[in-house]
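Peer 1: Below is one structure. I have some questions about it.
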Amino acid sequence: MPTAQAWGREIAFGLPVWVAFLLVLEPGNVARAIEAGGTLAWDKEVVRIFGASLLGASSTPLVLALMRRFPIERGNLWRHLTIQSLGGAGIALGLIVVSCILAAWFGIGDSRPVLTALPGEIAANWPLLVFCIAALSATAHAVHFSRRHAEAERKAVEQAVPAGVQVPSSPSGPFITSIPVKSRGRMIQVGLATVDWIETQGNYLALHAGTAVHLIRETAVRFEEKVDPKTFIRIHRRTLVALDRVRDVKPLANGDARVELTDGTSLRMSRGFRERTRSALTERQLGSRHT
């Protein structure tokens with residue numbers, strides 16, 4: 001069960017979303033007040049917005065609990081998405097009921113009796129609250145997927161170069177220079193010198209050699225251990241490239257980079273592999289100058 005501290009962090013996470021949502025609606029409230037021939041009492045309006053934001057943010061732990069209990073990325077995608085949507089609609093309805101009760105108690109906003117105000121509040125605000133909860137859920141999913149992607153990249157880097165282990169500057173043992181692949185029903189040897197880049201495809205590796213693509217049943221981590229680190233470098237948890245095929249590296253705004261190969265292929269490089277790639281390319285350039 002989440003601790004009080006965890007609930008506090010989740011409420012703080014949802015608060016900016018609700019504040020933004022209510023501020024977007026505020027011009028409409030001002031326009032309606034003017035049309036009715038009056039003006040808004042800004043001191044009460046600020047209190048109303050702050051209180052409504054806190055009330056909305058208090059539902060964030062429920063939204064996140066739904067997301068954790070019925071994750072949309074694990075099987076039963078549509079079933080879990082439907083459950084999350086229905087749960088969000090129920091949370092929105094609960095927020096309206098609570099807001100009507102609080103408004104009647106404190107005389108802020110629609111202070112009519114709860115049963116009198118409730119139908120009109122549902123008709124006017126329920127779709128808006130459902131939309132806001134959907135936006136909150138989408139934001140939470142985006143953060144979750146971003147963190148999961150960063151964690152996967154971190155683990156891939158650790159697998160490629162374990163902590164405390166230095167990649168040798170010279171081979172400590174024989175590295176493979178070719179690899180057997182099946183082509184048209186027979187086994188052939190593909191020289192790694194002909195391979196431009198490699199990507200994972202499920203349980204296989206796809207070796208791109210010019211216009212040809214060879215599939216081998218192997219993992220990127222195990223393959224990387226077998227080849228000379230001066231010839232191939234990992235630029236993404238799913239991609240390795242031949243260093244001598246790299247023509248240019250162009251940084252992107254989010255910290256990743258775009259790797260351009262000599263044949264015109266453009267590949268994305270994750271930020272977690274940027275320093276290793278830069279060091280490998282620099283070392284290769286220095287080695288070329290000395291030879």
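Peer 1: Across the range 237-270, which residue is farthest from Val195 (Cα to Cα) among those that are touching a residue at least 40 places away in the same chain (Cβ under 8 Å) and within 23 Å of the chain's Cα centre (by Cα)?
Peer 2: My answer is Ser270.
Peer 1: For the range 181-225, which residues satisfy the criterion of being hydroxyl-bearing (Ser, Thr, Tyr) and within 22 Å of Thr262 (Cβ to Cβ)?
Peer 2: Thr194, Thr211
Peer 1: Suppose we filter the range 182-202 for residues that are out of contact with any helix residue (DSSP H, G or I) (no Cβ under 6 Å at 6 or more places or on another chain) and under 23 Å from Thr265 (Cα atoms); how many remain?
Peer 2: Adding up the residues that qualify gives 11.
Peer 1: Return the residue satisfying two criteria in turn: it lies in the range 105-123 and is at pLDDT 70 or above and exposed (fewer than 13 other Cβ atoms within 10 Å of the Cβ), and of such residues it is farthest from Gly94 (Cα to Cα).
Peer 2: By that ranking, first place goes to Phe106.
Peer 1: Please determine whether any residue of the range 184-194 is farther than 15 Å from Val241 by Cα, at pLDDT 85 or above and buried (at least 17 other Cβ atoms within 10 Å of the Cβ).
Peer 2: yes
Peer 1: Residues in the range 41-53: is at least one modelled with pLDDT under 75 and on the phi > 0 side of the Ramachandran plot?
Peer 2: no
Peer 1: Please indicate, with yes or no, whether at least one residue in the range 9-29 is surrounded by fewer than 17 Cβ atoms within 10 Å (Cβ to Cβ), at pLDDT below 85 and of a type in the set (Val, Ile, Thr).
Peer 2: Yes, the range 9-29 has at least one match.
Peer 1: To continue, here is another question. Specify the residue that is farthest from Ser178 (Cα to Cα); the eligible residues are those in the range 190-218 that are charged (D, E, K, R) and free of Cβ contacts under 8 Å to residues at least 60 places away in the same chain.
Peer 2: Step by step, filter the range 190-218, then rank; the result is Glu199.
The values are calculated or read from the model by the stated rules, or taken from the named source; none is laboratory data. In this text the structure is predicted, and so the values were computed from the model without any measurement. Every residue, glycine among them, receives a Cβ derived from its backbone with ideal geometry; neighbour counts consider all protein chains shown.
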